[in-house]
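All remarks here apply to the structure that follows.
The values are calculated or read from the model by the stated rules, or taken from the named source; none is laboratory data. All of these numbers come straight from a predicted model, not from anything done at the bench. Every residue, glycine as well, gets a Cβ built from its backbone with ideal geometry; the counts of neighbours run over all protein chains shown.
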Amino acid sequence: MSDPTPGTREHSRERRIAALHAAAAERILVLDGAWGAQIQEHRLTEEQFRGERFRDHPVPLRGNNDILCLTRPELISELIGAYLEAGADIVSTNTFTSTAIAQADYGTEGVAAELNLAAARLARAAADAAAAADPTRPRWVAGSIGPTNRTLSMSADVNDPGARIVDFDQVCDAYREQVIALHDGGVDLFLVETIFDTLNAKAALKAILDLQDEGRAALPIWISGTVTDRSGRILSGQTVDAFWISVRHAEPFAVGLNCAFGAEQLRPFLAQLAGVADTLISAYPNAGLPNELGEYEEGPEEMSAQLREWAQSGLVNIVGGCCGTTPAHIRAIARAVSGVAPRPIPEVTPTLRLSGLEPFAAA
């Protein structure tokens, strides 16, 4: 069977996006869990990461989870399917490090676009199969856009505050390559996630918005930051509400927090964001903090109970899991929030709002 024409594909995507907005108005949606935790369980060897395609690659590839979209696509499809079976409404692509900047660590920057295209197609096929099996329940694909392993806001040299390894245009160009491939691969929305540097996020948002200006179909944008300590600031220094002011211009479908520490420690900062953002709120925390062996100890029932409390308190519209979470976590979370009303989007009085490290609102 031949692929649908571009026009047919776009029409299908338009219907899915309309269904996404309708579903979000009716219930709390569930995102999938961690890629790393699932991949690590398979204890893949260097040879399995390489596959035949990269058999003679000069740089070790073990640990480059995104390359598995090319070398072990059947495994990636299996993992996506496990999250869908567990109850995820939205599955993310295995592309957290699929920019040329991040892939340069493995010498695979030249296949960054191919990684994103392959990952998006794998997720699209799995989501479509799940939706076909139960037509009453649509499934959606979020294109995962990670923060890269470089920062624009902070110097790479303590002796030179102005030193940067990359500049804004380079980061934006890397994101542009990624978002074009994700768009072409059939994602329903862009997920700019685990943001530790707002300037990096702005580069990603510019790349996405530029596609719209160039005539590509506009897709919903989902923005998720990560706080790095109990002060509630992201690594580049902004408070949660200052961060929101900095990215609100993109008019995101959703904004939220992920990763960081466990659910209990994340709650006050999530409540802070929910109090100021006039859009959907998402949260997908880690399964607690890692122990001395790097293992996450917060089980499905413990974690899901905390997320249910968030839902009952009117804090969230989308929930899921980050580091250490598995299909068992997602199954428990989906059950925990089932039947709980989503957070109503508040009306925010229009006023001048600015932000540096902290917010400023005109009286």
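Mind checking whether some residue in region 307-323 is without any contact (Cβ under 8 Å) to a residue 60 or more places away in the chain, under 22 Å from Y83 (Cα atoms) and aliphatic (A, V, I, L, M)? Looking through region 307-323, at least one residue is without any contact (Cβ under 8 Å) to a residue 60 or more places away in the chain, under 22 Å from Y83 (Cα atoms) and aliphatic (A, V, I, L, M). Looking across region 232-272 at every residue that is farther than 27 Å from H329 by Cβ and polar (S, T, N, Q), the one that is modelled with the lowest pLDDT is identified as S236. Residue count for region 61-96 satisfying the condition of being in contact with an Asp or Glu (Cβ under 6 Å, 6 or more places away or on another chain) and surrounded by fewer than 22 Cβ atoms within 10 Å (Cβ to Cβ): 1.
Just checking, does region 65-87 include any residue being modelled with pLDDT of 95 or more, more than 20 Å from V187 (Cβ to Cβ) and in contact with a Pro (Cβ under 6 Å, 6 or more places away or on another chain)? Yes, region 65-87 contains at least one residue that is modelled with pLDDT of 95 or more, more than 20 Å from V187 (Cβ to Cβ) and in contact with a Pro (Cβ under 6 Å, 6 or more places away or on another chain).
Where strands (runs of 3 or more DSSP E) fall entirely within region 252-357, those with at least 3 residues that are under 21 Å from A34 (Cβ atoms), among the aliphatic types (A, V, I, L, M) and out of contact with any Asp or Glu (no Cβ under 8 Å at 6 or more places or on another chain) are at 254-259.
Residues checked against (1) aliphatic (A, V, I, L, M); (2) surrounded by fewer than 18 Cβ atoms within 10 Å (Cβ to Cβ); (3) outside any loop (DSSP other than H, G, I, E, B):
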position	(1), (2), (3)
D173	no, yes, yes
H183	no, no, yes
V192	yes, no, yes
D210	no, yes, yes
G215	no, yes, no
W222	no, no, yes
D229	no, yes, no
S236	no, no, no
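Of all the listed residues (A119, A112), the sole one being under 25 Å from I195 (Cα atoms), among the hydrophobic types (A, V, I, L, M, F, W, C) and buried (at least 24 other Cβ atoms within 10 Å of the Cβ) is A119. Inspection of region 83-99 identifies no residue that is under 17 Å from I39 (Cβ atoms) and acidic (D, E). Restricting H11, H57 to those that are in a loop (DSSP other than H, G, I, E, B) and without any contact (Cβ under 8 Å) to a residue 60 or more places away in the chain reduces the list to H57.
Being free of Cβ contacts under 8 Å to residues at least 60 places away in the same chain, under 15 Å from T99 (Cβ atoms) and of a type in the set (S, T, N, Q) is true for just one of T136, T148. Which residue is that? Being free of Cβ contacts under 8 Å to residues at least 60 places away in the same chain, under 15 Å from T99 (Cβ atoms) and of a type in the set (S, T, N, Q) holds for just one of T136, T148, which is T148. F243 meets each of the listed conditions (1) within 29 Å of R139 (Cβ to Cβ); (2) crowded, with 24+ Cβ neighbours inside 10 Å; (3) not charged (D, E, K, R) apart from (1).
Taking residues in region 186-201 that are touching a residue at least 60 places away in the same chain (Cβ under 8 Å), and partners anywhere that are of a type in the set (V, I, T) and assigned to a loop (DSSP other than H, G, I, E, B), the pairs with Cβ atoms closer than 7 Å and at least 6 places apart or on different chains are V187/T93; T194/T226.
How many residues are closer than 13 Å to V192 by Cα and out of contact with any Asp or Glu (no Cβ under 6 Å at 6 or more places or on another chain) when one looks only at region 220-247? Matching residues across region 220-247 total 7.
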